[in-house]
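Heads up: the structure comes next, in structure tokens.
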Amino acid sequence: MSPRDLNHGTRITPFLVRAAAVACLGGILFGYDLGVVSGALPSLESSLNLTSAQSESVVSFLYLGSVLGAIVGGWTCDKFGRRTAILYTDALFL
């Protein structure tokens, strides 16, 4: 058995490596976004006169938005296909 084999005899394919790399990149970017919002939070608090509960809500809405986005995105991909779902999200972003 070569070092590229897993325990059950399946092989690590280039597709699997690319999929894992994209998933890791997505997690890193999401963490970066949370860091940016957390860094901007003090200026938001002072300019909008936010309470601590409101400040916590701002950051928690990011998590809520990611959960809802994953649910809607998965449903859209299942219903219309990946390419159409990407076009919809691109149009929504613009």
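The values are calculated or read from the model by the stated rules, or taken from the named source; none is laboratory data. Every value quoted in this text rests on a predicted model; they were computed, and no experiment measured them. For neighbour counting, all protein chains shown are included, and Cβ atoms are generated from backbone atoms with ideal geometry for every residue, glycine included. Ligands, DNA and RNA are stripped out before the accessible areas are found, and what is left, the full protein with its side chains, is counted by its heavy atoms. Shrake-Rupley method; radii C 1.70, N 1.55, O 1.52, S 1.80 Å.
Once backbone amide H atoms are built at 1.01 Å from N, Ile12 has Leu6 as its partners under 5 Å, excluding neighbours fewer than 5 places away on the same chain.
Per residue, the chain exposes an accessible area of 82 Å² to a 1.4 Å probe, with every protein chain left in place. Potential lengthening of the chain between Ser43 and Leu68 amounts to 6.3 nm, from the contour at 0.36 nm per residue minus the alpha-carbon distance.
Each label point was placed 7 Å from the Cα along the Cα-to-Cβ direction; for Leu34 and Thr51 their separation is 2.5 nm. Label separation (Phe93 vs Thr13): 2.7 nm, computed from points 7 Å beyond Cα along the C-beta direction.
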